[in-house]
Structures are given as structure tokens and as C-alpha cells.
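Worksheet: the structure to be examined is printed underneath.
The values are calculated or read from the model by the stated rules, or taken from the named source; none is laboratory data. The structure presented is a predicted model; accordingly, all values stated were derived computationally and were not measured. Glycine also receives a Cβ, built like all others from the backbone with ideal geometry; neighbour counts cover every protein chain displayed.
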Amino acid sequence: MNRSVRAVRGATTLEVDEAEHLIERVTEMLTEMIERNALSNDDIISVLFTATPDVHSTFPAVAGRRLGLGDVPLICAQELDIDGAMPLCIRVMMHVETLLVRDQVRHVYLHEARSLRDDLPG
């Protein structure tokens, strides 16, 4: 079976915009993404993080670096400022090489972000 490039999505929310809390929540999300999809660091091609405009305390990529993704390209961007959007939200798209087919990829939505994807099992 051939390995394919897949995108694994995730999102989490913060209770407060504080650096250590953000790092804790993003670490939790990344760990779940890696574990649920049986990934190793070598499988991860790159990671794109977005944060809503109300997040100012630190870059979500800091959590990735602390988790050991030091040799993986990580980038942060600001999410669009849309009226009614979920506040204090961090989203991620992780590009990976995997044997999983598209419908086997397990996306991770934690805390209040679970409501963003009600089509996914809790």
C-alpha cells in the first residue's frame, strides 16, 4: 500500500488568553491528532495554525516546538474576523504522509470547538 499526503484538521478553544493555557490546549490537540492517526514526527510534513483575532498571548506553534516538532515547518496566521465566529479559537491543518485513506483520517475538535464539526463523533 502506498503512503499518501493527507490533511488532518483540528481545533480547540481557550478559556482565557494566557500563554501557558494556550500552550496546554494546543499541545493537547496536537497530541490527540498524532495519537488518533498513529503518526510519528517523520510523518508530519508541515503544520498551519490559525488563531482568532482575540488571541494575543503567544504563537500556537510554540506548543508544537515544545512537543518536539522542531524540524517540522510550522506557521501561524490570523483567522478571519467574522461576526459571530467562535472566540478564542485555535485551528490547525497538519499535512502528513500516511497509509490512511481519506475517510480513515481522524480529525480532532476539542472543548467548545467540538461544535464546529458536529458531523464528527465526539
query: Somewhere in the stretch 52-71, is a residue modelled with pLDDT under 95, surrounded by fewer than 16 Cβ atoms within 10 Å (Cβ to Cβ) and within 15 Å of the chain's Cα centre (by Cα)?
result: no
- prompt: Considering the stretch 49-58 alone, what residues qualify as being within 18 Å of Arg9 (Cα to Cα) and outside any strand (DSSP E or B)?
  reply: Thr52
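Does Ser46 satisfy the condition of being small (Gly, Ala, Ser) and either more than 30 Å from Met1 (Cβ to Cβ) or part of a helix (DSSP H, G or I) (or both)? Working first, answer last.
Numbers: small (Gly, Ala, Ser): yes; either more than 30 Å from Met1 (Cβ to Cβ) or part of a helix (DSSP H, G or I) (or both): no.
For Ser46, the condition - small (Gly, Ala, Ser) and either more than 30 Å from Met1 (Cβ to Cβ) or part of a helix (DSSP H, G or I) (or both) - is not met.
Just to be sure, is Ala38 closer than 21 Å to Val5 by Cα, among the small types (Gly, Ala, Ser) and part of a loop (DSSP other than H, G, I, E, B)?
Values: closer than 21 Å to Val5 by Cα: yes; among the small types (Gly, Ala, Ser): yes; part of a loop (DSSP other than H, G, I, E, B): yes.
Taking the combined requirement at face value, the residue satisfies it.
Only residues that are among the hydrophobic types (A, V, I, L, M, F, W, C), in a loop (DSSP other than H, G, I, E, B), surrounded by 12 or more Cβ atoms within 10 Å (Cβ to Cβ) and in contact (Cβ under 8 Å) with a residue 24 or more places away in the chain: list them for the stretch 72-122, please. Give the steps one after another, and end with the answer.
Of all residues in the stretch 72-122, those among the hydrophobic types (A, V, I, L, M, F, W, C) come to 72, 74-77, 80, 82, 85-86, 88-90, 92-94, 96, 99-101, 105, 108, 110, 113, 116, 120.
From what's left, in a loop (DSSP other than H, G, I, E, B): 72, 80, 82, 85-86, 88, 99-101, 105, 110, 120.
Going one step further and asking which of them are surrounded by 12 or more Cβ atoms within 10 Å (Cβ to Cβ), we end up with 72, 85-86, 88, 99-100, 105, 110, 120.
Result: Val72, Ala85, Met86, Leu88, Leu99, Leu100, Val105, Leu110.
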- request: Could you tell me which residue of the stretch 59-71 is farthest from Glu35 (Cα to Cα), considering only residues that are in contact (Cβ under 8 Å) with a residue 12 or more places away in the chain and either outside any helix (DSSP H, G or I) or basic (Lys, Arg) (or both)?
  value: Phe59
message: Taking the conditions exactly as written (at pLDDT below 95, touching a strand residue (DSSP E or B) at 6+ places or on another chain (Cβ under 8 Å) and more than 11 Å from Ala11 (Cα to Cα)), does Leu74 satisfy them or not?
response: no
- request: Considering only residues that are touching an Asp or Glu at 6+ places or on another chain (Cβ under 9 Å) and within 23 Å of Gly84 (Cα to Cα), look in the stretch 22-51 and name the one that is surrounded by the fewest Cβ atoms within 10 Å (Cβ to Cβ).
  value: Thr50
- prompt: Does Met1 satisfy being among the hydrophobic types (A, V, I, L, M, F, W, C), surrounded by fewer than 17 Cβ atoms within 10 Å (Cβ to Cβ) and not in a strand (DSSP E or B)?
  reply: yes
message: Can you go through Glu20, Glu32 and tell me which one is out of contact with any helix residue (DSSP H, G or I) (no Cβ under 8 Å at 6 or more places or on another chain), part of a helix (DSSP H, G or I) and in contact (Cβ under 8 Å) with a residue 24 or more places away in the chain?
response: Glu32
field: the stretch 4-21 - residue that is in contact with a strand residue (DSSP E or B) (Cβ under 9 Å, 6 or more places away or on another chain) and farther than 23 Å from Asp43 by Cβ and, of those, surrounded by the most Cβ atoms within 10 Å (Cβ to Cβ)
entry: Leu14
